[in-house]
1. Which ³J(HN,Hα) values in Hz, rounded to whole numbers, follow from the phi angles of the range 160-171 under the Karplus curve 6.51 cos²θ - 1.76 cosθ + 1.60, where θ = phi - 60° and Gly and Pro get x?
2. Set the Förster distance to 25 Å, then compute FRET efficiency between ARG175 and ALA27 from the Cβ-Cβ distance, nearest 0.05.
3. How big is D for the range 3-234, in µm² s⁻¹ as a whole number, if Stokes-Einstein is applied with the Kirkwood radius of its Cα pairs at 25 °C and 0.890 mPa s?
4. On a full-extension model of 0.36 nm per residue, what is the gain between GLU220 and SER20, subtracting their alpha-carbon distance, rounded to one decimal in nm?
5. For the chain, give the share of DSSP beta bridges that are antiparallel, in percent and rounded to the nearest 5; count only bridges with both residues there.
6. Taking a point 7 angstrom from the Cα of ASN38 along the C-beta vector, which residues in the range 210-241 have backbone N less than 15 Å away?
7. Going by average Cβ density within 10 Å per residue, which order do the peptides 174-180, 97-103 take, highest to lowest?
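Any read-out appearing in this document is the output of simple, stated calculations on the displayed coordinates, not a laboratory observation. These numbers were taken from a predicted model, which means no experiment stands behind them. Glycine also receives a Cβ, built like all others from the backbone with ideal geometry; neighbour counts cover every protein chain displayed.
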Amino acid sequence: MSTLTIEGLHASVAGREILSGVNLEVAAGEVHAVMGPNGSGKSTLAHVIAGRSGYENLSGSVRLDGRELLRMPAWQRAEAGLFLAMQYPTEVPGVSLLDMLTESVRTPEDTAVGELMAGEAERIGFDEQFLQRPVNVDLSGGERKRNEALQLGVLKPAFAVMDELDSGLDVDALRIVAGRIEEATEHEGLGVLAITHYSRIFAHLRPDAVHVFAGGRIQESGGAELADELEAEGYERWTAALTADPDDAVPQAFTDPFGDPFADQLA
Ligand SMILES: Nc1ncnc2c1ncn2[C@@H]1O[C@H](COP(=O)(O)OP(=O)(O)O)[C@@H](O)[C@H]1O
Ligand SMILES: [Mg+2]
């Protein structure tokens, strides 16, 4: 059984610590939801796990079946079985989706990548014309998310980190795309870390655990009912506790749009 283990993860970007001690374990076939307010560091967590450049790992570890991912370049992490569905999937001009996936799928029995892609495209209602076109170029937000799901269906990773997969998808598309991922967890043992603001995706992708992420770490964990509670009540309970700490308080000049930005923050 595959397991993704995150322990004591601290990381910074642009000289500021964003992840402050993340601990999390996801087993094969499980879906763990990470929900938190804007700017709390959710995408940073996704990027640090996947190995995007520009992030500094300060301490801790991220292991896939005991292998330390933090020491590997991004491509090696992918080879080890990790997949990242990005919040804002990037355009790759000049490279078709077919070429990209043909290069990525290396096992000999999967040589008919084109057929595999066409099958996946049909399953999730992704227009086949996009398979030949440059990756994500001129695609709508929803089409990009379908594209991420198609790649996942073809690459069959052991673990997927999905950063706001639900954003940009209408209700029908959400049902189809999230349903495809749910199927992969059931039939292929895919483990999922699903980052989101909203619980609506969990009607189709059933979480085994829900984690509240605020202030750069997991503040509370629970079952699916916690997602509904967050949807109804928001994150105030956790963010209020954070700003109550004087060390974490946001200087007045930054919260007041008419405040003097050059004022002495400590005055
Ligand atoms: N490349 C970067 N350079 C500078 N600051 C960044 C960068 N990436 C993220 N941040 C900052 O880190 C914080 C967390 O961002 P992010 O992880 O995107 O939050 P979330 O996904 O939870 O909305 C924000 O304050 C954001 O401005
Ligand atoms: Mg984000």
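1. 10, 9, 10, 8, 6, 4, 6, 6, x, 9, 7, 4
2. Details: r = 26 Å, r/R0 = 1.02.
So the FRET efficiency works out to roughly 0.45.
3. Details: Rh = 17.9 Å.
Rounded to a whole number, D works out at 137 µm²/s.
4. On the way: separation 200, 0.36 × 200 = 72.00 nm, distance 1.44 nm.
Extra length from GLU220 to SER20 when fully extended: 70.6 nm.
5. Values: 26 of 44 bridges.
Counting DSSP beta bridges with both partners in the chain, the antiparallel share is about 60 percent.
6. Residues 235-236 fall inside that zone.
7. Taking the mean over residues of other Cβ atoms within 10 Å, the ranking is 174-180, 97-103.
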